[in-house]
Amino acid sequence: MEALRKEEHYTYADYRTWDDDERWELLDGVVYAMSPAPSRSHQKTLLEFAGQIRDYLKDKPCEIFVAPFDVRLNADAGDDTVVQPDILIVCDNSKLDDRGCVGAPDMIIEILSPSTATRDRVLKFNKYRQAGVREYWIVDPDGKTVSVNILRNGEYVARAYAATDTVPVHILEDCMINLPDVFG
């Protein structure tokens, strides 16, 4: 979780000038390098989650996006946080522009990798909560578990699920994710 260029405070304007061949995240003005390529397990997990949600969202107003896709969490307050969640859902199209999502998506799914696990569980957890992300899932493909965090009164209420469970997506009425298909 080592930050790069710790001595400086960066903004989205700085971020836009960086090399497109490298992936970065910006949390409160601090730069973090993204892993060069996720593992096969990570990618399979991402595709299964995204596929199930995409199928549910056909002919519905919400949209799903997968990384790399910029999310400017605090675009109205300093513009110094840009994340690239593995999966996000946006139900308010006014938050979308040609460069990504401006403000908090309705839902974010992060799939843990060894190099990003602490950032996803601590730094991003707190940033997503503060920004008002209504639902935040943390997926452990190695442990085959999912932690679902639902925002209530400014705090996340967590519930854990195992590989044999079917998980409701709280922001999407009647949407269920079949974890045996994800982790099978």
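Out of the residues in segment 1-31 that are in contact with a Ser or Thr (Cβ under 9 Å, 6 or more places away or on another chain) and either under 17 Å from residue 67 (Cα atoms) or among the hydrophobic types (A, V, I, L, M, F, W, C) (or both), which is modelled with the lowest pLDDT?
1
With respect to residue 82, determine if the residue is in contact with a Cys (Cβ under 9 Å, 6 or more places away or on another chain), under 20 Å from residue 119 (Cβ atoms) and among the β-branched types (Val, Ile, Thr).
no
Quickly run through segment 76-96 and pick out the residues that are among the charged types (D, E, K, R) and surrounded by 12 or more Cβ atoms within 10 Å (Cβ to Cβ).
So in segment 76-96, the residues among the charged types (D, E, K, R) come out as 76, 79-80, 86, 92, 95.
Residues satisfying the conditions are 79, 80, 86, 92, 95.
Just need a number here: residues in segment 144-159 that are out of contact with any helix residue (DSSP H, G or I) (no Cβ under 6 Å at 6 or more places or on another chain) and over 15 Å from residue 125 (Cα atoms). Talk me through it step by step, then tell me what you get.
The initial filter retains those residues of segment 144-159 that are out of contact with any helix residue (DSSP H, G or I) (no Cβ under 6 Å at 6 or more places or on another chain), namely 145-155, 157-159.
Filter again for over 15 Å from residue 125 (Cα atoms), leaving 145, 153.
Result for segment 144-159: 2.
Mind counting the residues in segment 111-128 that are polar (S, T, N, Q) and in a helix (DSSP H, G or I)?
2
Within the group 32, 56, 15, which residue is of a type in the set (Phe, Trp, Tyr), within 23 Å of residue 93 (Cα to Cα) and touching a residue at least 12 places away in the same chain (Cβ under 8 Å)? Give the steps one after another, and end with the answer.
On the way: 32 fails: within 23 Å of residue 93 (Cα to Cα); 15 fails: within 23 Å of residue 93 (Cα to Cα).
Of the residues listed, the single one that is of a type in the set (Phe, Trp, Tyr), within 23 Å of residue 93 (Cα to Cα) and touching a residue at least 12 places away in the same chain (Cβ under 8 Å) is 56.
Would you pick out the residues in segment 68-81 that are more than 20 Å from residue 93 (Cβ to Cβ) and among the aliphatic types (A, V, I, L, M)?
Matches in segment 68-81: 77 only.
Which condition from (1) surrounded by fewer than 19 Cβ atoms within 10 Å (Cβ to Cβ); (2) outside any helix (DSSP H, G or I); (3) within 16 Å of the chain's Cα centre (by Cα) is the one that residue 157 breaks?
Of everything listed in (1) surrounded by fewer than 19 Cβ atoms within 10 Å (Cβ to Cβ); (2) outside any helix (DSSP H, G or I); (3) within 16 Å of the chain's Cα centre (by Cα), residue 157 misses just condition (3).
I'm checking my understanding of the structure. Among residues of segment 168-179 that are touching a strand residue (DSSP E or B) at 6+ places or on another chain (Cβ under 8 Å) and surrounded by fewer than 18 Cβ atoms within 10 Å (Cβ to Cβ), which one is nearest to residue 47 (Cα to Cα)?
178
The values are calculated or read from the model by the stated rules, or taken from the named source; none is laboratory data. The structure displayed is predicted, hence computed values, not measured ones. Virtual Cβ from ideal backbone geometry, glycine too; neighbours counted across all protein chains shown.
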